[in-house]
Structures are given as C-alpha cells and as structure tokens.
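Scroll down for the structure; my scribbles are underneath it.
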Amino acid sequence: MRKTEMLTDRAIRNAKPDKGKTVKRLLDGDRLYLQATTSLAGGVNRNWVFRYEHDFKRHDYGIGPYPTVSLAEARSRAGDLRLMLIDGIDPLRERNQAKKERLAAKAKEMKARTFEQCTEDYFRVHAPSLKNEKYRKQWLRNMEVYVYPTIGKLNVGDIDVPHIEQTLSPIWNTIGDTASKIQAQIKKVFDFAIGGKYRTGDNPARRELIAARLGKGNGNGGKHHAAMPFTDVPAFIAELRAEKSLAALALEFTILTAARTGEVRGATWDEIDLKARTWIIPGERMKKGREHRVPLTDRTVEILEGLKRHGKFVFADTKGQQLTVNYMLRLLYRLRPNQTVHGFRSSFRDWAAERTNYPEFVYELCLAHIVGTEVLKAYRRTDVFERRVRLMKQWADFLAKPRPPKTGDVHHLHERRAS
C-alpha cells in the first residue's frame, strides 16, 4: 500500500525550493503533490498537483493553490481523481472537454440576443451619427411603439419575414411614411446582428420581401399622406366637437393650427402665451430645427382654456404623461377610416391655395416649410406673422361652418397676390 497523508499544514507553510532551485515538489502520497515555486516577486507560490499516467502518458492535473484549497480539500479531490482513473476516465481530458463545453455554451448564450438588445447595441454605436437629439428620440420611440411589442423579446436569430410582416402590416398602408422609416430601421438592426454573427442568413426586413407580402405601401413611393378634401373638413370638425373627448380636442387643435402630430403631442404650457395668442415651438422640437411661431385663434384659445392641467404637457393624460403617438389616430380611424392626421396639413394647404389669394410662401410658413429664398426674405419682414394670423383666422372661420361650403362660396380675400 502506498503511503499517504505525509504532509502537515506546518510543513506546507514552510515549503520552499532548495537554494539555487525554482521548484520543489513534496509528496503527500498516492500521486498528490504540493508544488512550491519561487515567484517573480521573490515569494513562494504553493499549488496542489495530482500526477498520474493514462494511455502511457504522464499528466499533471492542477487542483488549486494553497491555502485557498486546504490540505483536507486537496486530499478529497485527489481521491475523486483516483476513482475516475479506476473507471478509465482521463481526468485532464474530462476537465478540458467540460471547459470547452462551458465556453461553447457561453458563446451561444452571448449570441442569443433579443431584437431589443440588438437594437440597443446598434443605437449606442450609431446614435452620434443621427442628425439631432429630437431625431434620436424619435428613432427609439418608433421601435418602442411599433416594433418591440411584436418582436422585441424574440431571439434575433429566430425572427423571419412573417414576424416583420406582422409588425408592419397594421401601419403599412395607413401611415406609409412612418412604416417605411420603421422598416428601414429594422433592416439596419438586422444588418448589425448579421455582422455580429447573432444570426445567419438573409436580412428578413428587406423592403422587397415586405412589399411582396404587404404590397408597395405608400411610403418612399412619392405618394402623400391620405388627406381629406378640404371641403369635407368642416363637417368633420363638427363631429369632433360632438365627441367632447381629449383626443377630439387634441385633433381639432392639430387641424386648426396645421401643426404636425408630434408638435402637438409634445406641446408644453410654457410654450403657450394665451395673452399674446401665440404658441412658440422651440427649434429642437421642429423638423427643420428652427423655432416656429403659431398664431392662436379664438377657438384654439377656447380649447386651451378648457383643458385641465396635468403637468407640463398641454395635451396630457391624468398622470401628466404625453399622449401616445396613436392617441388621435385611433379616434380618426373610428370616424374616418383610411385618413391620416398628417393629411390635414395637406387639406389646409389645398384650401389656402384654392380659397384665398395669399402668396404661397405665407401658407407654407404656416406649415413651417422652407421653400426657397423668397421665404427666407419673408421671414425677416415684421408683417409675415400678422399675415399668418389673418390666414389662420380665415381657416378657423372656414372650419366653423356646419357644412362644407358650396363651390362658389369663396372667402373674402384680405390680400392681393404678391407680384
């Protein structure tokens, strides 16, 4: 029988290489050794080694350092290794295989990224290249509202064309421009995931694949937002006023001001000056990045004065939160399917072009559009805002009519066409 348990804790603590040597091994018995090694700093490192032969080859199996692995623990682990050898198992090969499997499982886990996680990774890398803070917020907001509810928690490697179809189908033919932007965002995230080897194969969000399933859509194809004929808008306004809901008030305010949905949803009370009858939208909230003054008519002031204040946002829920992007759209779809909130800006423009004699740049300024050098010059004139005040009042008066006007019913023209 081999002699075992030859070492003591005291002998182990005092173990060090002989003079002129760097390594010394002390046998505890039956293939368990304490290996004392001189460190670079001049101290001594003490480690447990189990030395054995398997398939005619000698192997050193490291058990761990002393005193992290105590003498008793080292003897216990050496006993387990001996039992493995009796069963014909190579301990070192078994450990290396287990390590390899753990690393493979960890790599697989790292690649098992959800679409939401990949989106966040993509955004961290590419956010600095997006044009401004407003656009960055909108980019993420698009994902949170339209994409995450459907595929956000799915493994990015498991998502295929039907998932993208399910995500985009509710908005593909109704708010096409938005749907087109979101499709492009989704595609970029999948390109990012493919590049990072989080998934293999083709990108399932390519536009040609989605169009094959959902049709061309009305985004990126030169088409406009669905717009109600301006002659039908007064009757629609009458329906909104009968609704008496916050969504109806917000939508009416949007139509009266010819503003964008996001501008109204993000409106705060500190932007509103009821005394001056002006709504000043700061540049960071505007599409073109420049401040925009909006005239407030009698009806828009009436709407504002009738609202209950719940925090900083003008149109807010009872918790003071900003209205969701679909808040007005749901009401519009119930009353007028296939119409868009943004389309009312086109209704306003058509009305201004056909029923007034204001220069084009005046109503383009009401829409916060930049259309050329004439507008840039006009912006410097003190009377441009006053012209817009009069134009928006005419628009409000037109909308207040209980029925659409007859063909020959033309507004009194306050201005002659500019030469």
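Listed by chain and number, the aspartates and glutamates placed with their C-alpha closer than 14 angstrom to that of LYS131 are GLU284; residues fewer than eight positions away on the same chain are left out.
Over the chain, calculate the relative contact order: mean separation of alpha carbon pairs under 8 Å at least 6 apart, over the residue count, as a percent. List each step's numbers first, then the result.
Numbers: 504 pairs, mean separation 44.2, N = 419.
For the chain, the relative contact order is 11 percent.
Compactness check for the stretch 230-399: Cα Rg over 2.2 N^0.38 Å is 1.00. Using 0.36 nm per residue and subtracting the Cα-Cα separation, the extra length available between LYS188 and ASP80 on full extension is 33.6 nm. What FRET efficiency, computed as 1/(1 + (r/R0)^6) with R0 = 60 Å and r the Cβ-Cβ distance, is obtained for SER169 and THR68, rounded to the nearest 0.05? E(calc), rounded to 0.05, equals 0.50.
Model label points for THR278 and ASP158, set 7 angstrom from Cα along the Cα-to-Cβ axis, are 5.7 nm apart. The ALA353 and GLN321 beta-carbon pair, evaluated with R₀ = 35 Å, returns a calculated FRET efficiency of approximately 0.40. For a modelled paramagnetic label at VAL125, 7 Å from Cα along Cα-to-Cβ, the residues of the stretch 152-171 in reach, with backbone nitrogen under 19 Å, are 155-159.
So which trypsin sites (Lys or Arg not before Pro) in the stretch 1-70 pass both tests, a DSSP loop state and at most 14 other Cβ atoms within 10 Å of the Cβ? Can you show the working numbers first?
Working: sites: ARG2, LYS3, ARG10, ARG13, LYS19, LYS21, LYS24, ARG25, ARG31, ARG46, ARG51, LYS57, ARG58; in loops: ARG2, LYS3, LYS19, LYS21, ARG31.
Filter output for the stretch 1-70: ARG2, LYS3, LYS19, LYS21.
Given the -39500 (n - 2.57) contribution per DSSP H run of 4+ residues, what per-residue ellipticity at 222 nm results for the chain, rounded to the nearest 500 deg cm²/dmol?
Numbers: 17 runs with 189 residues, N = 419.
Value at 222 nm, helices only: -13500 deg cm²/dmol.
Of interest is the spacing of the C-alpha centroids, which for the stretch 57-81 and the stretch 119-158 amounts to 51 Å. Considering only TYR135, LEU103, SER180, the residue lying farthest towards the positive end of the dipole of the chain is LEU103, judged by Cα position with unit charges set on Cβ.
Å³ per residue of the Cα convex hull, for the stretch 229-300?
Working: hull volume 7.2 nm³, N = 72.
In the stretch 229-300, the Cα hull volume divided by residue count equals 100 Å³.
Under 1.5 on a/c is rounded, so check that first for the stretch 115-214, then, if it is not, pick prolate when a/b is larger than b/c and oblate when it is not; a ≥ b ≥ c are the square roots of the alpha carbon gyration tensor eigenvalues. It comes out oblate by the Cα gyration axes.
What pairs from LYS134/LYS319; LYS216/LYS319; LYS244/LYS312; LYS100/LYS197; LYS137/LYS244; LYS153/LYS319 go past 29 Å between their alpha carbons? Exceeds cut-off: LYS216/LYS319; LYS137/LYS244.
Using only alpha-carbon positions in the chain, the gyration tensor eigenvalues give semi-axes of 76, 24, 19 Å once each is multiplied by 5 and square-rooted (largest first).
Each reported figure results from applying straightforward, stated rules to the coordinates on display, with no laboratory input. If you're wondering where the values come from, they're calculated on a predicted model, not measured in any experiment. We place every Cβ from the backbone using ideal geometry, glycine too, and count neighbours over all the protein chains shown.
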